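K.L.:
After the structure tokens below, expect a handful of questions from me.
Derivation of every value follows stated rules applied to the coordinates shown; laboratory data play no part. Owing to the predicted nature of the structure, the values given are computational and were not obtained by experimental measurement. In this analysis, Cβ positions are derived from the backbone assuming ideal geometry, glycine residues included, and neighbour counts consider all displayed protein chains.
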Amino acid sequence: MSSLDFRNVSYSVTVGGKKNAVTKNILTNLNGVIQGGELVALIGTSGVGKTTLLNVLAGRIEGGNLSGIVRFNGKKRNKKTFKRGVAYVVQDDLLFPTLTTRETIEFAADFRLSDKDFDPQQKSDRIDDVLKSLRLAKSSDTFIGSETMKGLSGGERKRVCIGVEIVTEPHLLLLDEPTSGLDSNSSEVIVNLVKEIAVNKNIPVISSIHQPSSKIFYTFDKVILMVPESIVYFGSTEDVLDYFSLMGYECPPNENPADFLVDVLTIDTEDTENLQESLARAENLRKNWSDYVSKNGPIYLGNNGSENSLVSKGEQMELEYGELDDSPVSAKNSWFKEFNTLAKRASIRQSRDPGTLITMVGATVFIALLYGFTFFRRTKGFQAVQGRLGVLLLMATQNVFPVTLPVIPVLIQERAIMTRERNVGSYRMSAFFAAISFQFIPATLVFNIIQLTAVYFLARLQTNARKFFIYIAVYITTMLNSLGVAFVTAASTSSVRGAAVWAPLFLTLYFVYNGTLLNSKAITPGLSWIRYIDYIYYTVMALLQNEMDGLVFECPADKSIACYPDGASVIAAYSLDAQTIAECIAINLATAVGYFALAYYIMRFRNKPKYIII
Ligand SMILES: Nc1ncnc2c1ncn2[C@@H]1O[C@H](COP(=O)(O)OP(=O)(O)OP(=O)(O)O)[C@@H](O)[C@H]1O
């Protein structure tokens, strides 16, 4: 039988600036023990520290000062392996809307059950078991769905979140408010299913829960009641009203016990008089519980020694530790298996999103025709400079904003799910990064090359194979940089709205310094360095040199009208001759590699939660 116990667990964080930093205690001296097969409710008003306690037990607390001991099966948890053996269902449902129930659980199994340990039949049997045990077999082919896409109900979606976590048959299951937002019927279904998991798999299960009905409340074997920072009761749900009645808090006959208990635990911050009273009550509850624990151990044993208790009253509690240790539930898959599974999942999702595909085809055709026919008329005079410059600059824009902006929200969503999956050791970051690069680069390349080719011939740029391929090559470097900017932005922020503001601002800055709007010799001193990191500047320089080379223009007889006699004088006038075409391509390739490397670094190291395990 597996067990989880925690002793003297305290957690605090430092808040405020450097000058007025104060320590905020979130958990103080918590004790408890949960045996396999037990379902424990974690109840308390908002902000008392329920999620923080679950994070501590899951080994997912980040930063701050954590002390005490948490043991799994009597042993200190192993930072590397524990995460693969624990299932933690967090509050947010982080699932892909366009996958079906079965696919979602299948991919979780593919990531987390090694091919070495499970053959395809065993894996498929395991998935069937999970679907059956969570009563999801009937909706196994239904899409997960979202606010904008019809799919599973809220309760079913939550059950899929549980399924994704338990497909590995974990040694411990933690759930943070799995019933929030659900009606009482769906909540009941979830709690009953979770109880079945606890009993059938014989694992400890702890779930925070918000105002459960009486029926749901008594489905739990034990309950942990919390006021800010502290546990004030941990024991059988059957005994909890007795414990409170001994302290003088009597539950009225027909009142829901959970509502009554939450009322007793609530600190009323709205009313000054009630605030003092509720603070004093919380203090009294803390003191009573602390006295109890120091005399009898961390679990209330009931008035006469409850049947649910571990040992008879009076004896110091000793745990019987089982044979399980916290070794991972399955070995890791190979890098290629991880990459293949991620790429397969991405391609299924892309194929289910015809709207995006149609938009991309429509935009490609529209831009190709618009720019192609707008710049179709080719004069021999020097006005031809303006037209060529215009079309090249507009196509540069096409390889910047429309490449970067649509990718950012998709990547931000991918990253959120990646964090959940990497928390349980589903795959390596390098496999994820390779898969998302593979997901975006080829598709963007295909559409842009079609568009560039159409515009090249419709706008009648120089008919020369070498020049055409240079034109395509330069724009490919532009597109790679733009995707790199999207990757860095998505790696650095989880706010889609923030990214929608910052990314265009950043790209506009690059655009301003492209060399045609402002001559590089006329840039405000101190700002000229910007163009050295500006891939649009090198794009425009390479493209203009490529297109202007060998052109001769007819200048008007009227000498008062400024005129460029040939392409070379255009390049000289714009001061776009600092680098050769080859150098521009090389610089752009180097900056693109730099952006991708930076995005990888941020995702791999900066975003990696630094969990503290005690
Ligand atoms: N890293 C942190 N820095 C500052 N304050 C924090 C941090 N983590 C948690 N807190 C604070 O600690 C308290 C407990 O937070 P926690 O999320 O654990 O509460 P909760 O009981 O789960 O609340 P809810 O039911 O609303 O989810 C809150 O006041 C929260 O703002």
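K.L.:
For the stretch 125-185, what is the convex hull volume of the alpha-carbon atoms per residue, in Å³?
P.N.:
On the way: hull volume 5.9 nm³, N = 61.
Residue-normalised Cα hull volume stands at 98 Å³.
K.L.:
Sticking with this one: Ignoring everything except DSSP H segments at least 4 long, calculate the 222 nm mean residue ellipticity for the chain; use -39,500 (n - 2.57) per segment, divide by total residues, nearest 500.
P.N.:
My calculation for the chain gives -17000 deg cm²/dmol from helical runs alone.
K.L.:
If you don't mind, another one. Toward the positive end of the charge dipole of the chain, about the Cα centre and with charges on Cβ (Lys, Arg +1; Asp, Glu -1), which of Ser560, Val407, Ser180 goes farthest?
P.N.:
Final value for the positive-end residue is Ser560.
K.L.:
OK, next. Based on alpha-carbon centroids, what's the gap between the stretch 332-356 and the stretch 446-466 in Å, whole number please?
P.N.:
That distance is 32 Å.
K.L.:
Of all beta bridges DSSP finds with both residues in the chain, what is the antiparallel percent, to the nearest 5?
P.N.:
On the way: 30 of 49 bridges.
Counting only bridges with both partners in the chain, antiparallel ones make up about 60 percent.
K.L.:
Another question, if that's okay. Mind putting a number on the dipole of the stretch 66-112 about its Cα centre? Charges go on the C-beta only, +1 for Lys and Arg and -1 for Asp and Glu, and I need it in Debye to the nearest 20.
P.N.:
Approximately 700 debye in magnitude.
K.L.:
Kindly provide the trypsin sites (Lys or Arg not before Pro) of the stretch 530-614 that DSSP labels as loop, not H, G, I, E or B, and whose Cβ sees at most 12 other Cβ atoms within 10 Å.
P.N.:
Filter output for the stretch 530-614: Lys559, Lys610.
K.L.:
Also, I was wondering about something else. Can you give me the span-like helices of the chain, meaning DSSP H runs with 15 Å or more of Cα extent along the axis and Kyte-Doolittle mean at or above -1.0? Write out the running numbers ahead of the final one.
P.N.:
Working: long enough: 101-112 (17 Å, -0.60); 120-133 (20 Å, -1.46); 154-166 (18 Å, -0.09); 184-201 (25 Å, 0.21); 272-296 (36 Å, -1.38); 335-351 (24 Å, -0.76); 354-374 (29 Å, 1.57); 383-398 (23 Å, 0.79); 401-423 (33 Å, 0.28); 429-458 (43 Å, 1.64); 465-492 (41 Å, 1.23); 496-512 (24 Å, 1.51); 535-548 (19 Å, 0.49); 581-601 (30 Å, 1.40).
Long hydrophobic helices here: 101-112, 154-166, 184-201, 335-351, 354-374, 383-398, 401-423, 429-458, 465-492, 496-512, 535-548, 581-601.
K.L.:
Lys and Arg at +1, Asp and Glu at -1: add these up for the other residues within a Cβ distance under 9 Å of Ala198 and post the number.
P.N.:
After counting each charged neighbour, the total is -1.
K.L.:
For a distance above 47 Å, tell me the whole-number percent of Cα pairs in the chain that qualify.
P.N.:
Looking at the chain, the distances longer than 47 Å represent 34 percent of pairs.
K.L.:
Could you list the GluC sites (Glu not before Pro) in the stretch 108-212 that lie in coil according to DSSP, counting only those with at most 13 other Cβ atoms within 10 Å of their Cβ?
P.N.:
Those that pass, being in a loop and sparsely packed, are Glu147.
K.L.:
Between Asn55, Asn73, Tyr600, whose Cα lies farthest towards the positive end of the dipole of the chain when Lys and Arg beta carbons carry +1 and Asp and Glu beta carbons carry -1, centred on the Cα centre?
P.N.:
Tyr600
K.L.:
Follow-up. Which trypsin sites (Lys or Arg not before Pro) does the stretch 1-94 hold that lie in a coil by DSSP with at most 14 other beta carbons within 10 Å? Kindly include the intermediate steps, with their values, before the conclusion.
P.N.:
Values: sites: Arg7, Lys18, Lys19, Lys24, Lys50, Arg60, Arg71, Lys75, Lys76, Arg77, Lys79, Lys80, Lys83, Arg84; in loops: Lys18, Lys19, Arg60, Arg77.
Hits after loop and neighbour filter: Lys18, Lys19.
K.L.:
Taking only the alpha carbons of the stretch 342-608, what extent do you get along each of the three principal axes, in Å, biggest first?
P.N.:
Principal-axis extents of the Cα atoms in the stretch 342-608, largest first: 75, 43, 31 Å.
K.L.:
Based on DSSP, what percent of beta bridges with both residues in the stretch 6-296 are antiparallel, to the nearest 5?
P.N.:
55 percent
K.L.:
Here's something else I'd like to know. If you take the charge dipole of the chain about its Cα centre, with +1 on Lys and Arg Cβ and -1 on Asp and Glu Cβ, which of Ser207, Leu99, Val33 is farthest toward its positive end?
P.N.:
It is Leu99.
K.L.:
Continuing with the same structure: What is the pair-distance distribution P(r) of the stretch 33-175, computed from all Cα-Cα distances in 5 Å bins starting at 0, with each bin given as a whole percent?
P.N.:
2, 9, 17, 19, 18, 16, 12, 6, 3, 0
K.L.:
Also, I was wondering about something else. Hey, how many Å between the Cα centroid of the stretch 584-610 and the Cα centroid of the stretch 114-177?
P.N.:
The stretch 584-610 and the stretch 114-177 have Cα centres separated by 35 Å.
K.L.:
Give Lys24/Lys610; Lys195/Lys222; Lys80/Lys608 a once-over and call out the pairs whose C-alpha atoms are over 18 Å from each other.
P.N.:
Values: Lys24/Lys610 20 Å; Lys195/Lys222 12 Å; Lys80/Lys608 14 Å.
From Lys24/Lys610; Lys195/Lys222; Lys80/Lys608, over 18 Å: Lys24/Lys610.
K.L.:
What does the charge dipole of the stretch 342-608 about its Cα centre add up to, to the nearest 20 debye, if the Cβ of each Lys and Arg holds +1 and the Cβ of each Asp and Glu holds -1?
P.N.:
Numbers: 22 positive and 11 negative charges, 194 e Å.
The calculated dipole for the stretch 342-608 is roughly 940 debye.
K.L.:
Follow-up. Can you give the direction-averaged projected area of the convex hull of the alpha-carbon atoms in the stretch 485-543, in nm²?
P.N.:
If I average the Cα hull's projected area over directions, I get 4.6 nm².
K.L.:
Just the number, please: Stokes-Einstein D of the stretch 6-296 in µm²/s, Kirkwood Rh from C-alpha pairs, 4 °C, 1.567 mPa s.
P.N.:
D = 63 µm²/s.
K.L.:
Which cysteines does the chain leave without a neighbouring Cys Cβ under 4.7 Å?
P.N.:
Cys161, Cys251, Cys584
K.L.:
Taking the Cα centre of the chain as origin, work out the dipole magnitude from +1 charges on Lys and Arg Cβ and -1 charges on Asp and Glu Cβ, in debye rounded to 20.
P.N.:
Taking the Cα centre of the chain as origin, the dipole is about 2740 debye.
K.L.:
Something else now. Looking at the stretch 540-596, what % of the alpha carbon pairs are farther apart than 13 Å?
P.N.:
In whole percent, the long-distance tail amounts to 65.
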